[in-house]
Amino acid sequence: ACMLCRRVEADSDICSDKLEKYGVCAHVFCLFLATLLFRQDNDRVGLMGFLPRDIHLAVRRAAQKLCYICGQRGATIMCCKEDCDRWFHLPCAREGGCVTHYIPRYRYLLHTDSHPWRSIQ
């Protein structure tokens, strides 16, 4: 199972491929969208630049976070809206109608039911 979303099987369009190396297993998009999990400049180290020790730290932090959608512990992605304390597993976020975006150096998840999407011009 992915250490970050805790799913053995997940939609590859949502989570992407699962990587396993150094005793760590995680989906590509779970790595890129996890809050406070930072990628090294050298993508040849760890899993695509994410160090195993940092992934384990993210998993330990997530053990205290409940997913807003499923209610289970281990949520690794925090809503990006200021003053929102909702956390999600990546597959749950999609199931709950959240919008996820990843642009290198920027990533965010927005729960659209309580935070209406607005166009910024």
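The values are calculated or read from the model by the stated rules, or taken from the named source; none is laboratory data. The structure presented is a predicted model; accordingly, all values stated were derived computationally and were not measured. Don't worry about glycine lacking a Cβ; one is built from the backbone with ideal geometry, like all the others, and counts go over all protein chains shown. Only protein heavy atoms, including side chains, enter the accessible area calculation; ligands, DNA and RNA are left aside. Shrake-Rupley method; radii C 1.70, N 1.55, O 1.52, S 1.80 Å.
Some values worked out for this structure:
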read-out	value
Residues satisfying the stated conditions in segment 1-27, i.e. within 18 Å of Ala75 (Cβ to Cβ) and of a type in the set (A, V, I, L, M, F, W, C)	Ala1, Cys2, Met3, Leu4, Cys5, Val8, Ala10, Ile14, Cys15, Cys25, Ala26
Whichever residue in segment 73-99 is among the small types (Gly, Ala, Ser) and not in a helix (DSSP H, G or I) and, among such residues, is most open to solvent (accessible area, probe 1.4 Å)	Gly97
Any hit, segment 53-60, residues being closer than 14 Å to His89 by Cα, assigned to a loop (DSSP other than H, G, I, E, B) and among the hydrophobic types (A, V, I, L, M, F, W, C)	no
Subset of segment 1-15 [touching a Leu at 6+ places or on another chain (Cβ under 9 Å) and not aliphatic (A, V, I, L, M)]	Cys2, Cys5, Arg7, Cys15
Within segment 8-49, tally of residues that are in a loop (DSSP other than H, G, I, E, B) and open to solvent by less than 20 Å² (accessible area, probe 1.4 Å)	4
Filtered residue count, segment 61-72, keeping only those that are in a helix (DSSP H, G or I) and open to solvent by less than 30 Å² (accessible area, probe 1.4 Å)	1
Scope segment 28-60; condition of a type in the set (Gly, Ala, Ser) and either without any contact (Cβ under 8 Å) to a residue 12 or more places away in the chain or over 11 Å from Thr76 (Cα atoms) (or both); matching residues	Gly46, Gly49
